[in-house]
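Below: the structure, in C-alpha coordinates.
The values are calculated or read from the model by the stated rules, or taken from the named source; none is laboratory data. This one's a predicted model, so the numbers in the text were calculated from it and none came from an experiment. Here the Cβ positions follow ideal geometry from the backbone for every residue, glycine too, while neighbour counts run over all protein chains shown.
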Amino acid sequence: MKSCAANALSDFFFEYETPRQVLVRNKRVGVVCRLIQLGVLAYIIGWVFIYEKGYQITETAVSSVFTKVKGVGSTNISGVERVWDPSDYVFPPQGDSSFVVMTNYILTENQTMGKCPELPGRYICKSDTDCKGGSYNRTVDGKLTGVCVKETKTCELLAWCPLEDDRNIPNPPLLMSAENFTLFIKNSVTFPLFGITRSNLVEEIDGKTIKNCLFDPDKSPLCPIFKLGDIVKLSGFTFETMAKQGGAIGLVIDWTCNFDYDVKKCKPKYEFHGLYGNPRVKDTSKASVGYNFRYAKYYMGDKMEKRTLMKVFGIRFDIIVQSLGRKFDIIPTLTAIGSGVGIFGVATVVCDLVLLYVLPRRDFYKNMKFKYTDTAAQQELRGLGSSVYYTLEANARQVRRKDKTNDPDLDTGSIKTSE
(Lines give C-alpha, C1' and ligand atoms only; values in the text may rest on other atoms or scores of the structure.)
Protein backbone atom coordinates (compact mmCIF):
# COMPACT_ATOMS: atom_id res chain seq x y z
CA MET A 1 0.00 0.00 0.00
CA LYS A 2 2.80 2.37 0.93
CA SER A 3 4.66 1.42 -2.23
CA CYS A 4 1.63 2.28 -4.39
CA ALA A 5 1.20 5.61 -2.64
CA ALA A 6 4.90 6.41 -3.02
CA ASN A 7 4.80 5.53 -6.72
CA ALA A 8 1.74 7.71 -7.23
CA LEU A 9 3.38 10.67 -5.51
CA SER A 10 6.58 10.10 -7.47
CA ASP A 11 4.68 10.03 -10.76
CA PHE A 12 2.79 13.18 -9.83
CA PHE A 13 5.81 15.28 -8.81
CA PHE A 14 8.57 13.97 -11.08
CA GLU A 15 6.83 13.23 -14.38
CA TYR A 16 5.93 15.73 -17.09
CA GLU A 17 3.35 15.17 -19.78
CA THR A 18 3.48 16.88 -23.17
CA PRO A 19 1.14 16.45 -26.15
CA ARG A 20 2.39 14.44 -29.05
CA GLN A 21 2.82 16.32 -32.34
CA VAL A 22 2.68 14.95 -35.85
CA LEU A 23 4.09 17.03 -38.70
CA VAL A 24 1.93 16.46 -41.78
CA ARG A 25 3.31 17.63 -45.11
CA ASN A 26 0.07 18.11 -47.04
CA LYS A 27 -0.50 21.09 -49.30
CA ARG A 28 -4.27 21.22 -48.87
CA VAL A 29 -4.21 21.09 -45.11
CA GLY A 30 -1.28 23.50 -44.94
CA VAL A 31 -3.04 26.09 -47.13
CA VAL A 32 -6.28 25.79 -45.14
CA CYS A 33 -4.39 26.20 -41.86
CA ARG A 34 -2.48 29.28 -43.01
CA LEU A 35 -5.58 30.92 -44.49
CA ILE A 36 -7.48 30.48 -41.24
CA GLN A 37 -4.56 31.81 -39.22
CA LEU A 38 -4.25 34.77 -41.59
CA GLY A 39 -7.96 35.50 -41.19
CA VAL A 40 -7.72 35.34 -37.40
CA LEU A 41 -4.68 37.63 -37.44
CA ALA A 42 -6.50 40.12 -39.68
CA TYR A 43 -9.49 40.02 -37.31
CA ILE A 44 -7.32 40.67 -34.25
CA ILE A 45 -5.36 43.52 -35.81
CA GLY A 46 -8.05 45.08 -37.99
CA TRP A 47 -11.22 44.67 -35.97
CA VAL A 48 -10.17 44.22 -32.34
CA PHE A 49 -7.28 46.69 -32.19
CA ILE A 50 -7.76 49.22 -35.00
CA TYR A 51 -11.55 49.46 -35.36
CA GLU A 52 -12.81 48.54 -31.88
CA LYS A 53 -9.65 49.78 -30.12
CA GLY A 54 -9.61 46.81 -27.80
CA TYR A 55 -6.43 48.05 -26.15
CA GLN A 56 -8.26 50.97 -24.48
CA ILE A 57 -10.71 51.44 -21.63
CA THR A 58 -13.76 53.62 -22.26
CA GLU A 59 -15.93 55.94 -20.21
CA THR A 60 -18.86 58.29 -20.81
CA ALA A 61 -18.75 61.81 -19.42
CA VAL A 62 -20.83 63.73 -16.91
CA SER A 63 -22.23 66.74 -18.76
CA SER A 64 -23.84 70.11 -18.05
CA VAL A 65 -25.39 72.52 -20.56
CA PHE A 66 -26.17 76.23 -20.35
CA THR A 67 -27.99 78.10 -23.14
CA LYS A 68 -28.82 81.69 -23.93
CA VAL A 69 -30.93 83.07 -26.80
CA LYS A 70 -30.49 86.63 -28.06
CA GLY A 71 -32.41 88.70 -30.57
CA VAL A 72 -35.32 91.11 -30.82
CA GLY A 73 -38.37 90.78 -33.08
CA SER A 74 -41.53 92.77 -33.69
CA THR A 75 -45.13 92.16 -34.76
CA ASN A 76 -47.89 94.43 -36.05
CA ILE A 77 -51.42 93.09 -35.57
CA SER A 78 -54.39 95.35 -36.34
CA GLY A 79 -52.13 98.37 -36.24
CA VAL A 80 -50.74 97.47 -32.82
CA GLU A 81 -46.98 97.11 -32.95
CA ARG A 82 -45.17 95.07 -30.34
CA VAL A 83 -41.52 94.28 -29.71
CA TRP A 84 -40.51 90.80 -28.51
CA ASP A 85 -37.32 90.08 -26.59
CA PRO A 86 -35.98 86.77 -25.15
CA SER A 87 -38.08 87.16 -22.00
CA ASP A 88 -41.20 87.07 -24.20
CA TYR A 89 -40.47 84.33 -26.71
CA VAL A 90 -38.22 81.79 -24.87
CA PHE A 91 -39.86 79.09 -22.74
CA PRO A 92 -38.61 78.39 -20.11
CA PRO A 93 -36.35 81.42 -19.66
CA GLN A 94 -33.81 79.74 -17.31
CA GLY A 95 -31.40 78.61 -20.05
CA ASP A 96 -32.01 74.87 -19.81
CA SER A 97 -30.82 72.23 -22.30
CA SER A 98 -34.38 71.97 -23.66
CA PHE A 99 -36.33 75.11 -24.56
CA VAL A 100 -38.84 76.55 -27.04
CA VAL A 101 -38.50 79.66 -29.19
CA MET A 102 -41.89 81.08 -30.20
CA THR A 103 -42.28 81.70 -33.94
CA ASN A 104 -46.06 82.05 -34.33
CA TYR A 105 -49.09 82.47 -32.07
CA ILE A 106 -52.86 82.90 -31.83
CA LEU A 107 -54.01 85.51 -29.31
CA THR A 108 -57.42 85.44 -27.60
CA GLU A 109 -57.91 88.49 -25.40
CA ASN A 110 -60.38 89.48 -22.68
CA GLN A 111 -61.67 86.03 -21.87
CA THR A 112 -64.09 85.76 -18.96
CA MET A 113 -65.82 82.78 -17.38
CA GLY A 114 -69.33 82.47 -18.81
CA LYS A 115 -71.61 80.81 -21.35
CA CYS A 116 -71.08 80.98 -25.09
CA PRO A 117 -71.81 78.82 -28.15
CA GLU A 118 -69.25 76.47 -29.61
CA LEU A 119 -67.51 77.67 -32.75
CA PRO A 120 -69.38 77.12 -36.04
CA GLY A 121 -68.77 73.66 -37.43
CA ARG A 122 -67.90 72.16 -34.04
CA TYR A 123 -70.32 70.05 -31.95
CA ILE A 124 -73.25 70.68 -34.29
CA CYS A 125 -76.76 70.25 -32.92
CA LYS A 126 -80.38 70.50 -34.07
CA SER A 127 -82.06 70.51 -30.66
CA ASP A 128 -81.22 70.52 -26.98
CA THR A 129 -81.33 66.73 -26.93
CA ASP A 130 -78.16 66.68 -29.01
CA CYS A 131 -76.30 68.50 -26.23
CA LYS A 132 -75.93 66.39 -23.11
CA GLY A 133 -75.97 68.85 -20.24
CA GLY A 134 -73.24 68.52 -17.62
CA SER A 135 -71.03 66.34 -19.81
CA TYR A 136 -67.53 66.96 -21.08
CA ASN A 137 -65.88 66.18 -24.38
CA ARG A 138 -62.18 66.20 -25.09
CA THR A 139 -62.73 68.05 -28.37
CA VAL A 140 -64.52 71.04 -26.80
CA ASP A 141 -63.17 73.78 -24.54
CA GLY A 142 -65.77 73.71 -21.78
CA LYS A 143 -68.72 72.02 -20.10
CA LEU A 144 -71.91 71.38 -22.08
CA THR A 145 -74.93 73.23 -20.67
CA GLY A 146 -77.55 71.19 -22.55
CA VAL A 147 -78.66 74.11 -24.73
CA CYS A 148 -78.49 74.18 -28.53
CA VAL A 149 -77.90 77.70 -29.85
CA LYS A 150 -80.07 78.13 -32.95
CA GLU A 151 -78.04 80.99 -34.45
CA THR A 152 -74.85 78.92 -34.72
CA LYS A 153 -76.46 75.45 -34.58
CA THR A 154 -73.86 74.45 -32.00
CA CYS A 155 -74.03 73.47 -28.34
CA GLU A 156 -73.63 76.05 -25.61
CA LEU A 157 -70.62 75.76 -23.29
CA LEU A 158 -69.67 76.96 -19.86
CA ALA A 159 -66.11 78.08 -20.56
CA TRP A 160 -63.71 80.97 -20.96
CA CYS A 161 -65.46 83.17 -23.50
CA PRO A 162 -64.96 84.17 -26.24
CA LEU A 163 -63.62 80.78 -27.28
CA GLU A 164 -60.27 80.45 -28.95
CA ASP A 165 -60.48 80.09 -32.73
CA ASP A 166 -57.34 78.27 -33.92
CA ARG A 167 -58.70 77.08 -37.25
CA ASN A 168 -56.68 79.63 -39.18
CA ILE A 169 -52.99 79.76 -38.30
CA PRO A 170 -51.25 83.03 -39.25
CA ASN A 171 -49.25 82.67 -42.45
CA PRO A 172 -46.57 83.89 -42.87
CA PRO A 173 -45.51 83.32 -39.24
CA LEU A 174 -45.76 86.39 -37.05
CA LEU A 175 -42.20 86.05 -35.70
CA MET A 176 -40.27 85.27 -38.86
CA SER A 177 -37.54 87.49 -37.43
CA ALA A 178 -36.67 84.56 -35.12
CA GLU A 179 -34.69 83.17 -38.05
CA ASN A 180 -31.94 85.67 -37.19
CA PHE A 181 -31.96 85.06 -33.43
CA THR A 182 -28.76 83.54 -32.03
CA LEU A 183 -28.23 80.68 -29.60
CA PHE A 184 -25.18 80.51 -27.34
CA ILE A 185 -24.34 77.08 -25.90
CA LYS A 186 -21.93 76.52 -23.04
CA ASN A 187 -21.18 72.86 -22.44
CA SER A 188 -18.84 71.18 -19.97
CA VAL A 189 -17.99 67.46 -19.82
CA THR A 190 -16.03 65.55 -17.18
CA PHE A 191 -14.49 62.08 -17.49
CA PRO A 192 -14.06 61.03 -13.82
CA LEU A 193 -12.07 57.88 -14.61
CA PHE A 194 -9.42 59.87 -16.45
CA GLY A 195 -9.69 63.02 -14.30
CA ILE A 196 -10.23 65.19 -17.38
CA THR A 197 -12.67 68.09 -17.84
CA ARG A 198 -13.31 69.79 -21.17
CA SER A 199 -15.46 72.71 -22.29
CA ASN A 200 -16.79 73.57 -25.73
CA LEU A 201 -15.05 76.91 -25.26
CA VAL A 202 -11.82 75.33 -26.48
CA GLU A 203 -8.41 76.95 -26.72
CA GLU A 204 -9.17 78.48 -30.13
CA ILE A 205 -12.22 80.35 -28.75
CA ASP A 206 -11.01 83.40 -26.83
CA GLY A 207 -12.86 86.50 -25.68
CA LYS A 208 -12.34 88.33 -28.95
CA THR A 209 -13.36 85.40 -31.15
CA ILE A 210 -16.59 84.66 -29.30
CA LYS A 211 -17.84 88.22 -29.86
CA ASN A 212 -17.59 87.95 -33.63
CA CYS A 213 -17.87 84.28 -34.58
CA LEU A 214 -20.93 82.46 -35.88
CA PHE A 215 -21.10 78.71 -36.33
CA ASP A 216 -20.36 77.41 -39.80
CA PRO A 217 -19.73 73.68 -40.39
CA ASP A 218 -16.84 74.48 -42.73
CA LYS A 219 -15.40 77.84 -41.65
CA SER A 220 -16.15 77.96 -37.90
CA PRO A 221 -17.01 74.43 -36.70
CA LEU A 222 -16.02 75.19 -33.09
CA CYS A 223 -17.94 78.45 -32.58
CA PRO A 224 -20.60 77.94 -29.85
CA ILE A 225 -22.93 80.63 -31.24
CA PHE A 226 -25.59 79.48 -33.72
CA LYS A 227 -28.14 81.31 -35.82
CA LEU A 228 -31.55 79.65 -35.46
CA GLY A 229 -32.14 79.79 -39.20
CA ASP A 230 -28.88 77.92 -39.80
CA ILE A 231 -29.80 75.23 -37.26
CA VAL A 232 -33.14 74.60 -39.00
CA LYS A 233 -31.46 74.56 -42.41
CA LEU A 234 -28.73 72.14 -41.30
CA SER A 235 -31.39 69.80 -39.90
CA GLY A 236 -32.94 69.58 -43.38
CA PHE A 237 -35.99 71.86 -42.99
CA THR A 238 -36.93 75.35 -44.16
CA PHE A 239 -37.43 77.91 -41.43
CA GLU A 240 -40.72 79.36 -42.74
CA THR A 241 -42.34 75.92 -42.97
CA MET A 242 -41.31 74.96 -39.44
CA ALA A 243 -42.05 78.38 -37.97
CA LYS A 244 -45.70 78.30 -39.03
CA GLN A 245 -46.78 75.31 -36.91
CA GLY A 246 -43.65 74.65 -34.88
CA GLY A 247 -41.34 71.64 -34.70
CA ALA A 248 -38.54 70.00 -32.76
CA ILE A 249 -34.81 69.89 -33.48
CA GLY A 250 -32.07 67.97 -31.74
CA LEU A 251 -28.67 69.62 -31.51
CA VAL A 252 -26.13 66.91 -30.71
CA ILE A 253 -22.77 67.73 -29.14
CA ASP A 254 -20.47 64.80 -29.72
CA TRP A 255 -17.40 64.31 -27.51
CA THR A 256 -15.49 61.32 -28.88
CA CYS A 257 -11.98 61.66 -27.50
CA ASN A 258 -8.80 59.59 -27.56
CA PHE A 259 -6.78 60.58 -24.50
CA ASP A 260 -3.71 58.72 -25.71
CA TYR A 261 -3.09 61.97 -27.60
CA ASP A 262 -2.93 65.53 -26.31
CA VAL A 263 -6.01 66.51 -24.29
CA LYS A 264 -6.33 69.67 -26.40
CA LYS A 265 -7.28 67.49 -29.36
CA CYS A 266 -10.49 66.54 -27.55
CA LYS A 267 -12.97 68.91 -29.23
CA PRO A 268 -16.75 68.87 -29.70
CA LYS A 269 -18.56 68.15 -32.95
CA TYR A 270 -22.02 69.58 -33.57
CA GLU A 271 -24.76 67.71 -35.42
CA PHE A 272 -28.36 68.71 -36.17
CA HIS A 273 -31.39 66.44 -36.56
CA GLY A 274 -35.10 66.98 -36.99
CA LEU A 275 -36.80 65.16 -34.10
CA TYR A 276 -40.21 65.12 -35.71
CA GLY A 277 -41.16 64.69 -39.35
CA ASN A 278 -39.24 64.16 -42.55
CA PRO A 279 -38.16 67.30 -44.47
CA ARG A 280 -38.70 65.43 -47.74
CA VAL A 281 -42.30 64.47 -46.94
CA LYS A 282 -45.19 66.87 -46.40
CA ASP A 283 -46.83 66.45 -43.00
CA THR A 284 -50.31 67.65 -44.01
CA SER A 285 -51.72 64.13 -43.94
CA LYS A 286 -50.43 63.31 -40.45
CA ALA A 287 -52.62 63.29 -37.36
CA SER A 288 -50.48 65.77 -35.42
CA VAL A 289 -48.23 68.32 -37.04
CA GLY A 290 -45.77 70.74 -35.48
CA TYR A 291 -45.30 71.76 -31.86
CA ASN A 292 -47.53 74.06 -29.80
CA PHE A 293 -48.75 74.78 -26.30
CA ARG A 294 -50.95 77.32 -24.52
CA TYR A 295 -50.45 79.65 -21.62
CA ALA A 296 -52.59 82.36 -20.07
CA LYS A 297 -52.05 85.69 -18.33
CA TYR A 298 -54.66 86.46 -15.68
CA TYR A 299 -55.72 89.90 -14.50
CA MET A 300 -58.66 91.73 -12.91
CA GLY A 301 -60.89 93.99 -14.99
CA ASP A 302 -64.32 95.45 -14.24
CA LYS A 303 -64.20 93.65 -10.88
CA MET A 304 -63.98 90.25 -12.49
CA GLU A 305 -61.20 87.84 -13.38
CA LYS A 306 -60.09 87.93 -16.98
CA ARG A 307 -57.33 86.34 -18.95
CA THR A 308 -55.44 86.59 -22.22
CA LEU A 309 -54.91 83.18 -23.79
CA MET A 310 -52.02 82.59 -26.15
CA LYS A 311 -51.53 79.49 -28.28
CA VAL A 312 -47.83 79.38 -29.01
CA PHE A 313 -46.29 77.69 -32.04
CA GLY A 314 -42.56 77.33 -31.63
CA ILE A 315 -39.43 75.39 -32.39
CA ARG A 316 -38.27 73.18 -29.56
CA PHE A 317 -34.51 72.73 -29.27
CA ASP A 318 -33.13 69.75 -27.36
CA ILE A 319 -29.40 69.91 -26.62
CA ILE A 320 -28.18 66.30 -26.52
CA VAL A 321 -24.66 65.52 -25.31
CA GLN A 322 -23.10 62.19 -26.22
CA SER A 323 -19.58 61.32 -25.14
CA LEU A 324 -17.03 58.53 -25.20
CA GLY A 325 -13.50 58.81 -23.83
CA ARG A 326 -10.78 56.25 -24.56
CA LYS A 327 -7.34 55.63 -23.10
CA PHE A 328 -4.75 52.84 -23.22
CA ASP A 329 -4.88 50.28 -20.42
CA ILE A 330 -2.84 47.11 -20.02
CA ILE A 331 -5.73 44.92 -18.80
CA PRO A 332 -7.99 45.20 -21.89
CA THR A 333 -4.88 44.93 -24.06
CA LEU A 334 -3.86 41.60 -22.54
CA THR A 335 -7.46 40.41 -22.61
CA ALA A 336 -7.74 41.20 -26.31
CA ILE A 337 -4.44 39.49 -27.09
CA GLY A 338 -5.36 36.42 -25.03
CA SER A 339 -8.74 36.03 -26.68
CA GLY A 340 -7.12 36.46 -30.08
CA VAL A 341 -4.52 33.79 -29.37
CA GLY A 342 -7.30 31.46 -28.27
CA ILE A 343 -9.09 31.94 -31.58
CA PHE A 344 -6.01 30.60 -33.37
CA GLY A 345 -7.10 27.19 -32.06
CA VAL A 346 -9.88 27.26 -34.65
CA ALA A 347 -7.26 26.52 -37.32
CA THR A 348 -6.19 23.35 -35.50
CA VAL A 349 -9.77 22.12 -35.08
CA VAL A 350 -10.67 22.72 -38.73
CA CYS A 351 -7.48 21.15 -40.05
CA ASP A 352 -7.94 18.09 -37.82
CA LEU A 353 -11.45 17.64 -39.19
CA VAL A 354 -10.17 17.88 -42.77
CA LEU A 355 -7.23 15.59 -42.02
CA LEU A 356 -9.14 12.88 -40.18
CA TYR A 357 -12.53 12.90 -41.92
CA VAL A 358 -12.24 14.48 -45.39
CA LEU A 359 -8.94 13.51 -47.09
CA PRO A 360 -8.73 10.15 -48.92
CA ARG A 361 -5.91 8.89 -46.65
CA ARG A 362 -7.75 9.77 -43.46
CA ASP A 363 -7.23 6.28 -41.98
CA PHE A 364 -3.48 6.68 -42.42
CA TYR A 365 -3.53 10.05 -40.60
CA LYS A 366 -5.67 8.65 -37.80
CA ASN A 367 -3.09 5.91 -37.28
CA MET A 368 -0.32 8.52 -37.11
CA LYS A 369 -2.19 10.89 -34.78
CA PHE A 370 -3.61 8.49 -32.22
CA LYS A 371 -1.78 5.80 -30.23
CA TYR A 372 -3.92 2.90 -29.08
CA THR A 373 -2.73 1.04 -25.95
CA ASP A 374 -3.81 -1.72 -23.62
CA THR A 375 -4.60 -4.27 -26.30
CA ALA A 376 -4.98 -7.93 -25.34
CA ALA A 377 -1.51 -8.77 -26.69
CA GLN A 378 0.05 -5.92 -24.70
CA GLN A 379 -1.65 -7.05 -21.52
CA GLU A 380 -0.25 -10.58 -22.04
CA LEU A 381 3.22 -9.12 -22.60
CA ARG A 382 2.95 -7.11 -19.39
CA GLY A 383 2.29 -10.41 -17.58
CA LEU A 384 5.77 -11.65 -18.65
CA GLY A 385 7.45 -8.82 -16.79
CA SER A 386 8.49 -5.36 -17.73
CA SER A 387 11.94 -6.34 -19.10
CA VAL A 388 10.53 -8.99 -21.45
CA TYR A 389 7.71 -6.64 -22.58
CA TYR A 390 9.99 -3.76 -23.52
CA THR A 391 12.46 -6.14 -25.25
CA LEU A 392 9.71 -7.60 -27.45
CA GLU A 393 8.29 -4.13 -28.08
CA ALA A 394 11.68 -2.81 -29.21
CA ASN A 395 12.18 -5.79 -31.56
CA ALA A 396 8.75 -5.17 -33.04
CA ARG A 397 9.63 -1.53 -33.70
CA GLN A 398 12.80 -2.52 -35.58
CA VAL A 399 10.82 -4.92 -37.77
CA ARG A 400 8.22 -2.22 -38.52
CA ARG A 401 10.95 0.24 -39.49
CA LYS A 402 12.39 -2.23 -41.98
CA ASP A 403 8.93 -2.87 -43.43
CA LYS A 404 8.19 0.92 -43.47
CA THR A 405 4.87 0.47 -41.73
CA ASN A 406 2.95 3.36 -40.14
CA ASP A 407 4.01 3.20 -36.51
CA PRO A 408 2.92 6.06 -34.22
CA ASP A 409 6.09 5.50 -32.13
CA LEU A 410 8.63 6.35 -34.83
CA ASP A 411 11.51 8.35 -33.38
CA THR A 412 11.31 11.12 -35.97
CA GLY A 413 7.83 12.25 -35.05
CA SER A 414 7.57 13.75 -38.55
CA ILE A 415 5.76 12.12 -41.45
CA LYS A 416 6.08 13.33 -44.98
CA THR A 417 3.23 12.37 -47.26
CA SER A 418 2.06 13.43 -50.66
CA GLU A 419 -1.38 13.44 -52.14
Quiz item: Pairs under 7 Å by beta carbon, first residue surrounded by 12 or more Cβ atoms within 10 Å (Cβ to Cβ) in the range 198-216, partner of a type in the set (S, T, N, Q), six or more apart or different chains?
Solution: Ser199/Asn187; Ser199/Ser188; Asn200/Asn187; Cys213/Ser220; Leu214/Ser220
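Quick check, is Ile44 farther than 26 Å from Arg362 by Cα, modelled with pLDDT of 80 or more and either outside any helix (DSSP H, G or I) or not aromatic (Phe, Trp, Tyr) (or both)? Steps first, please.
Working: farther than 26 Å from Arg362 by Cα: yes; modelled with pLDDT of 80 or more: yes; either outside any helix (DSSP H, G or I) or not aromatic (Phe, Trp, Tyr) (or both): yes.
Criteria met by Ile44.
One line per residue, one yes/no per condition, for (1) in contact with a helix residue (DSSP H, G or I) (Cβ under 7 Å, 6 or more places away or on another chain); (2) not aliphatic (A, V, I, L, M):
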{"position": "Ser98", "(1), (2)": "no, yes"}
{"position": "Met102", "(1), (2)": "yes, no"}
{"position": "Ile106", "(1), (2)": "no, no"}
{"position": "Glu109", "(1), (2)": "no, yes"}
{"position": "Gly114", "(1), (2)": "no, yes"}
{"position": "Arg122", "(1), (2)": "no, yes"}
{"position": "Gly134", "(1), (2)": "no, yes"}
Exercise. Working only within the range 47-76, note down all residues that are part of a strand (DSSP E or B) and without any contact (Cβ under 8 Å) to a residue 24 or more places away in the chain.
Key: Asn76
Self-check item: The listed residue being in contact (Cβ under 8 Å) with a residue 12 or more places away in the chain, under 29 Å from Pro268 (Cβ atoms) and among the basic types (Lys, Arg), out of Arg326, Arg361, Arg307
Solution: Arg326
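Mind checking which strands (runs of 3 or more DSSP E) fall wholly inside the range 138-198 and carry at least 1 residues that are under 27 Å from Met242 (Cβ atoms) and aromatic (Phe, Trp, Tyr)? First the steps, then the outcome.
Details: elements: 143-149, 154-161, 182-191.
Fully inside the range 138-198 and qualifying: 182-191.
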Practice problem: Could you tell me which numbered condition Phe293 fails, if it satisfies all but one of (1) within 30 Å of Val101 (Cβ to Cβ); (2) without any contact (Cβ under 8 Å) to a residue 60 or more places away in the chain; (3) not small (Gly, Ala, Ser)? | Solution: (2)
Self-check item: Residue that is farthest from Ile185 (Cα to Cα), among those in the range 91-112 that are buried (at least 18 other Cβ atoms within 10 Å of the Cβ) and more than 30 Å from the chain's Cα centre (by Cα)
Solution: Gln111
Quiz item: For the range 200-253, which helices (runs of 4 or more DSSP H) that fit wholly inside it have 1 or more residues that are assigned by TED's automatic domain parsing to the domain that holds Phe272, hydrophobic (A, V, I, L, M, F, W, C) and in contact with a Cys (Cβ under 9 Å, 6 or more places away or on another chain)?
Solution: 207-212
